[in-house]
């Protein structure tokens, strides 16, 4: 030890003391309703739910609503450990593909607890299992292809009146874009198990129709069905034509947005209509540039498709009540507080996204009114398939969906026959 | 100041068939410097560790000042020990190394300071009191280890080969230092070593051990002069005593082609033995007669090596049978060369005889 | 369990023994915590592994069904075992000997060594989350540093989708893991090098021994205990590699970076199931494999090299 | 001098490789996300120091920081003391049960924590320690004891028995010997375990996320996750958060790396 040692120690202690500022003590409350919610990073959704919490507190003096914000993976880890032990929050964020929560009996049936008059019946349907409803839908979305109108014009291609290219036209478009040095589809699977499957999934839906499509993902239809193979072959052509960026495998969801609308720009971005959650934030937070020529097109029509007007519509963010909660009534009131028509309107106006809450959007206005109008335009005449593939697949099949359909196949790592074989091995039970 | 009485001490380690120490009996007088000497593995360190209280005793007793301490833990025996490795506390400076043992014994701080400084002064360690052991030379570390024992002012000092990690020159000076210190302080000391020079120069008495047993106890020169068996004979002295088998005749033995008169032994002492071992130390063979007299027997042998050591010269001589070597220590001005034939004079009064089977000495019984 | 041999008095006298009360006091805090927060959960895990745990904690004994499924049909598990083994062996060796190399460079009086000691250690201080994010960017095909450097020095032909290609993904993650931990091994080796007795190196100097010879014949043999123990520590660390892979590739593409740890986590938290039985079985089987491996290694080595930092 | 050129080149290269990413993060911490996306490797055009204020004030960072300090320092102190006690006992004394206990503790090193967490959670509930810093601390301590005992036991076994014998003869009992001999002489190994445990726990994430559910109890790694959303990766703020978390560690390391290495070597037993 030299003579500076003491000085160093003092410096070290001072550093820690300065950084560790005193923390505020929490005060005791009468009743605290605990809520665990995902989407900590989406300011608009945070504001939305916190507002509902404050509204409830105003209506019930002595009640405190405490929302803990998580990211998705941490939330899952916390829930999967807390619930089996009879713990966890009173109200929890859920998504419709989390069926295991229902099966395990961790969610309280909501049929007699909440006010269903404010909820769209089709959205409620998503959460119905054996005649009981387990979640209150909040966020709804449809799968769309977002595109850059200027770039499309630059390629000299006109969008058909119904906003839907044919299978061949779409392939041609991809080839043209690639030839012009433009990435056709900005998509990446670096941090999500589904974006790479948008094209193939929607194509399968249109080709097979709703019933066979459901059968495919629930193991009742073989992937070796000629229609399925045809779709895979077409997608393989897209992939070989360079539809996806070179860094497809590692590109993250947020980065793919940025890729699409800021740098280096891409022609298309297939995405759920929750696209807005990322794009409609200030530009300096990584949002879409102000004058970006955003357009929406339908997924391409398949040759001999059974249902080319079909489209995936799904429920995203939903909320449920923990079956072990001691404040179920209060929890239900919080769910209601999030689901009023006023809140529904606020959802659309601030988040620019569909919702399962009944809300009047006819007088809709705001900085992104044109966008929302176009989105509504694309819904006309649509036949919805409710729920995405990930809501339907289970276990090994879910893993293979993530690894093969979402990633390796569109990433160009697998030929058609191998991809089909791997999916069949994991999913087909017939 | 204490008398250490060891009676019938035995030690057997679990899992070992041979006892490490067997029937060890020894009394060390008050203020005596006792050396335990023996080759490595002879059990001398086990004895020391049993005295220290670091090893349990299998059989027998150890008593200090009449009190049996078999069941007394080390920390209550009031014994200080200097380890071969010194065992200095690497994280403490010299002062604290010296003071460590006193602190535990609730000696007042001022007294600790006084005793440590006094010891340091005596050992020439005063300039190094604030140094850590790793910054000291080997000799200085050794002195710290010694000082640590001294400041304790214990009843008994134990030394476990304390000089074996020092180089030759330092070993000699430290040895003298140790002798002086022990003489001044006069504390009962038990000193373990395998080095016969240390044993000879330091001990009031030497206790020679072999294979866990005491072989001989006595004052250094006494042991040197009259070894109890061939082991002691060869262990003490450098080069060691020559041992040559000889055929016994009538009151003489035949070494090569020379008769060695054995007048001091009666036929009864020699018994029925036909062959005995003749022991003669190298310094008892002469190139030129040291004195007049008829007790010097000339023997002619081949010189097979000459080792001049400066003060003296060692000759390796080979008997005419061609197999037996005898070492003689002669004057430094010898002119003998390898291959020459030399005649050396054997001092028959210095001859020892040993029984070849028991290895015990055959004592002289005639004047 | 803590019985010594012999009477109470004897124990106090033996330097290598202590009274049961003393032993208990020394071991109790660690053992109690360990029993409560490690052994007990482990036992629960072992118990879980022969169960299917259904809704609301109802458990069904399924015997070794989980294990036979694991052994017979679970190709992902075996792929994960293979990946983990490769990762563990290669990264451990690279980590330890790379760390030795760095320590030797600093020991050879590289300029600015005190500064470098800090700079080279910074990766150790960063959390996996951040290391993962940064390296995903570095490996990015388009604008990642790795490919940009390759292009800049005219090796554009070697550009890769480092994490996107099953052939390079595992190696790329491995490189990042090694990068993160090299500094730690370096510091330990550096301390061990400074602790080498100066005389030994000096003597080698006199013998006109070159640097390479000094390294091979003197330094490495003397650092043997450090090497062995860092190998063990590193081995255990790599064997459980999770965070970095989870962040960088999530086990993909095509399970090429799936390790046992990521697979266990996936089966426990990422599949649509609350069944803890199967993931417990995976963990138990893995534990048994590792234990067997370690016992085998100790049998083979049979030496008592212990830590000396 | 030319002989050293390859060495110097290597030093330069590795310095860039090892320090580069950190410098990159440091630079990004004062740039905004759009700036970073526009040009990832550019130097800051303007220093956005206000991002630090923003992270500190708006994102509850002071609380996270304080929690991290409490949890990590308590856990490291406990691990070190308990681990050293057990290691001392296993290395120093012969007793029946020594080997089984050693085996039991050391085999804990090879358990994947991803799995233990499930039963750990339930056990913490039983003990009423769920969602408390105490619970997290205990889990950290138990989880890192094995490795610590392993490192320390190996080192302690190398301390010559003579030192202990000497202390015993100097009149010290078992606990004083542990405190006055084993701990100071074992300082190099203790430095190692403290450093390792501190770094690992300071960045620990999995246990913290599952065992703590209140924002006021969260630790720093969870705070950084705050900026790594599912939709928005606010790179700039992630970098800022990282700098806040990492700076104290680096400063501590810079202040003490010297002492640390000297401690590791000076106390070494020869």
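The values are calculated or read from the model by the stated rules, or taken from the named source; none is laboratory data. Everything quoted here is computed from the prediction, not taken from an experiment. We place every Cβ from the backbone using ideal geometry, glycine too, and count neighbours over all the protein chains shown.
From C:55, C:29, which residue is in contact with a helix residue (DSSP H, G or I) (Cβ under 9 Å, 6 or more places away or on another chain), at pLDDT 80 or above and either more than 8 Å from every other protein chain (Cβ to nearest Cβ) or surrounded by fewer than 20 Cβ atoms within 10 Å (Cβ to Cβ) (or both)?
Working: C:55 fails: at pLDDT 80 or above.
Testing whether each residue is in contact with a helix residue (DSSP H, G or I) (Cβ under 9 Å, 6 or more places away or on another chain), at pLDDT 80 or above and either more than 8 Å from every other protein chain (Cβ to nearest Cβ) or surrounded by fewer than 20 Cβ atoms within 10 Å (Cβ to Cβ) (or both) leaves just C:29.
Could you name every one of the strands (runs of 3 or more DSSP E) located completely within the stretch B:1-82 that has at least 1 residues being within 14 Å of another protein chain (Cβ to nearest Cβ) and either in contact with a strand residue (DSSP E or B) (Cβ under 8 Å, 6 or more places away or on another chain) or surrounded by fewer than 23 Cβ atoms within 10 Å (Cβ to Cβ) (or both)?
On the way: elements: B:4-11, B:21-28, B:33-37, B:59-64, B:79-82.
Once the strands (runs of 3 or more DSSP E) in the stretch B:1-82 are filtered for at least 1 residues that are within 14 Å of another protein chain (Cβ to nearest Cβ) and either in contact with a strand residue (DSSP E or B) (Cβ under 8 Å, 6 or more places away or on another chain) or surrounded by fewer than 23 Cβ atoms within 10 Å (Cβ to Cβ) (or both), what remains is B:4-11, B:59-64, B:79-82.
Please go through the stretch B:204-224 and give me each residue that is surrounded by fewer than 19 Cβ atoms within 10 Å (Cβ to Cβ) and under 12 Å from the mean Cα position of the chain (by Cα), ordered by number.
The first filter runs over the stretch B:204-224 and keeps only residues surrounded by fewer than 19 Cβ atoms within 10 Å (Cβ to Cβ), leaving B:204-205, B:211, B:213, B:217-219, B:221-222.
Of everything in the stretch B:204-224, those that are surrounded by fewer than 19 Cβ atoms within 10 Å (Cβ to Cβ) and under 12 Å from the mean Cα position of the chain (by Cα) turn out to be B:204, B:205, B:217, B:218, B:219, B:221.
Does residue B:152 satisfy being crowded, with 23+ Cβ neighbours inside 10 Å and in contact with a strand residue (DSSP E or B) (Cβ under 8 Å, 6 or more places away or on another chain)?
Numbers: crowded, with 23+ Cβ neighbours inside 10 Å: yes; in contact with a strand residue (DSSP E or B) (Cβ under 8 Å, 6 or more places away or on another chain): yes.
Here the answer is yes, as residue B:152 does meet what is asked.
Do we find a residue being surrounded by fewer than 21 Cβ atoms within 10 Å (Cβ to Cβ) and farther than 26 Å from residue D:223 by Cα anywhere in the stretch D:138-149?
No: zero hits.
Has the stretch A:246-258 got any residue that is touching a strand residue (DSSP E or B) at 6+ places or on another chain (Cβ under 7 Å) and within 22 Å of residue A:167 (Cα to Cα)?
no
(1) in contact (Cβ under 8 Å) with a residue 60 or more places away in the chain; (2) under 21 Å from residue D:73 (Cα atoms); (3) surrounded by 24 or more Cβ atoms within 10 Å (Cβ to Cβ): which one isn't true of residue D:153, the others all being true?
(2)
If you take the residues in the stretch A:42-56 that are surrounded by fewer than 17 Cβ atoms within 10 Å (Cβ to Cβ) and either without any contact (Cβ under 8 Å) to a residue 40 or more places away in the chain or in contact with a strand residue (DSSP E or B) (Cβ under 7 Å, 6 or more places away or on another chain) (or both), which one is farthest from the other protein chains (Cβ to nearest Cβ)?
A:54
Quick check, is residue C:103 away from chain D (no Cβ under 14 Å) and either under 26 Å from the mean Cα position of the chain (by Cα) or at pLDDT below 90 (or both)? Outline the logic, then answer.
Numbers: away from chain D (no Cβ under 14 Å): no; either under 26 Å from the mean Cα position of the chain (by Cα) or at pLDDT below 90 (or both): yes.
So residue C:103 fails the test.
Here is a yes/no grid of residues against (1) farther than 21 Å from residue B:81 by Cβ; (2) within 12 Å of chain D (Cβ to nearest Cβ); (3) modelled with pLDDT of 90 or more; (4) surrounded by 15 or more Cβ atoms within 10 Å (Cβ to Cβ):
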site: B:98; (1), (2), (3), (4): no, yes, yes, yes
site: B:110; (1), (2), (3), (4): yes, no, yes, no
site: B:123; (1), (2), (3), (4): no, no, no, yes
site: B:145; (1), (2), (3), (4): no, yes, yes, yes
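Which one is surrounded by the most Cβ atoms within 10 Å (Cβ to Cβ), of the residues in the stretch D:204-246 that are assigned to a loop (DSSP other than H, G, I, E, B) and modelled with pLDDT of 80 or more? Don't jump to the end; show me each part of the working.
Residues of the stretch D:204-246 assigned to a loop (DSSP other than H, G, I, E, B): D:204-205, D:212-214, D:218-219, D:226-227, D:229-232, D:234.
Now drop any that are not modelled with pLDDT of 80 or more, which leaves D:204-205, D:212, D:218-219.
Values: D:204: 27, D:205: 20, D:212: 23, D:218: 21, D:219: 29.
Filtering first and then ranking leaves D:219.
Residue check: is residue B:201 surrounded by fewer than 23 Cβ atoms within 10 Å (Cβ to Cβ) and either outside the structural domain of residue B:139 (by TED's automatic domain parsing) or closer than 15 Å to residue B:359 by Cβ (or both)?
Values: surrounded by fewer than 23 Cβ atoms within 10 Å (Cβ to Cβ): yes; either outside the structural domain of residue B:139 (by TED's automatic domain parsing) or closer than 15 Å to residue B:359 by Cβ (or both): no.
No, not satisfied.
Being in a helix (DSSP H, G or I) and either away from chain C (no Cβ under 13 Å) or closer than 19 Å to residue D:121 by Cβ (or both) is the filter here; which residues of the stretch A:85-131 pass it? So that I can check it myself, show each step before the final result.
Initially, the stretch A:85-131 is screened for residues in a helix (DSSP H, G or I), giving A:85, A:99-103, A:116-118, A:121-126.
Correct list: A:85, A:100, A:101, A:116, A:117, A:118, A:121, A:122, A:123, A:124, A:125, A:126.
Having 1 or more residues that are more than 14 Å from chain C (Cβ to nearest Cβ) is the bar; report the helices (runs of 4 or more DSSP H) wholly within the stretch D:47-112 that clear it. I'd like the intermediate steps shown before the answer.
Numbers: elements: D:50-58, D:61-92, D:98-107.
In the stretch D:47-112, the matching helices (runs of 4 or more DSSP H) lie at D:50-58, D:61-92.
Take residue A:384 and tell me if it is farther than 30 Å from residue A:109 by Cβ and either modelled with pLDDT of 90 or more or buried (at least 23 other Cβ atoms within 10 Å of the Cβ) (or both). Spell out how you get there, then give the answer.
Values: farther than 30 Å from residue A:109 by Cβ: no; either modelled with pLDDT of 90 or more or buried (at least 23 other Cβ atoms within 10 Å of the Cβ) (or both): yes.
In short, no.
Filter the stretch D:113-136 down to the residues that are more than 10 Å from chain C (Cβ to nearest Cβ) and either modelled with pLDDT of 80 or more or surrounded by 22 or more Cβ atoms within 10 Å (Cβ to Cβ) (or both) and list them by number. Show your work before the answer.
Here is the first cut: in the stretch D:113-136, the ones more than 10 Å from chain C (Cβ to nearest Cβ) are D:125, D:128, D:130-134, D:136.
Result: D:128, D:130, D:131, D:132, D:133, D:134, D:136.
Please tell me if residue D:59 is more than 24 Å from residue D:222 (Cβ to Cβ) and surrounded by fewer than 20 Cβ atoms within 10 Å (Cβ to Cβ).
Working: more than 24 Å from residue D:222 (Cβ to Cβ): no; surrounded by fewer than 20 Cβ atoms within 10 Å (Cβ to Cβ): yes.
So residue D:59 does not fit the description; no.
What number of residues within the stretch C:149-165 satisfy the criterion of being touching a helix residue (DSSP H, G or I) at 6+ places or on another chain (Cβ under 9 Å), more than 14 Å from chain A (Cβ to nearest Cβ) and in a loop (DSSP other than H, G, I, E, B)?
1
Listed residues C:64, C:77; which is more than 12 Å from chain D (Cβ to nearest Cβ), over 19 Å from residue C:179 (Cβ atoms) and surrounded by 18 or more Cβ atoms within 10 Å (Cβ to Cβ)?
Details: C:64 fails: surrounded by 18 or more Cβ atoms within 10 Å (Cβ to Cβ).
None of the other options fit; the residue is C:77.
Kindly provide the set of residues from the stretch C:115-139 that are closer than 21 Å to residue D:10 by Cα, free of Cβ contacts under 8 Å to residues at least 60 places away in the same chain and at the interface with chain D (Cβ under 7 Å from one of its Cβ atoms), ordered by number. Steps first, please.
From the stretch C:115-139, those closer than 21 Å to residue D:10 by Cα are C:115-124, C:138; that's our starting set.
When the remaining residues are screened for being free of Cβ contacts under 8 Å to residues at least 60 places away in the same chain, the result is C:115-116, C:118-119, C:138.
Result: C:116, C:118, C:119.
Can you say whether residue B:87 is touching a strand residue (DSSP E or B) at 6+ places or on another chain (Cβ under 9 Å), within 9 Å of chain D (Cβ to nearest Cβ) and within 18 Å of residue B:33 (Cβ to Cβ), as far as the supplied structure shows?
Values: touching a strand residue (DSSP E or B) at 6+ places or on another chain (Cβ under 9 Å): yes; within 9 Å of chain D (Cβ to nearest Cβ): yes; within 18 Å of residue B:33 (Cβ to Cβ): no.
When the stated conditions are applied, residue B:87 does not pass them.
Tell me yes or no: at least one residue of the stretch C:292-300 is within 11 Å of chain D (Cβ to nearest Cβ) and surrounded by 21 or more Cβ atoms within 10 Å (Cβ to Cβ).
no
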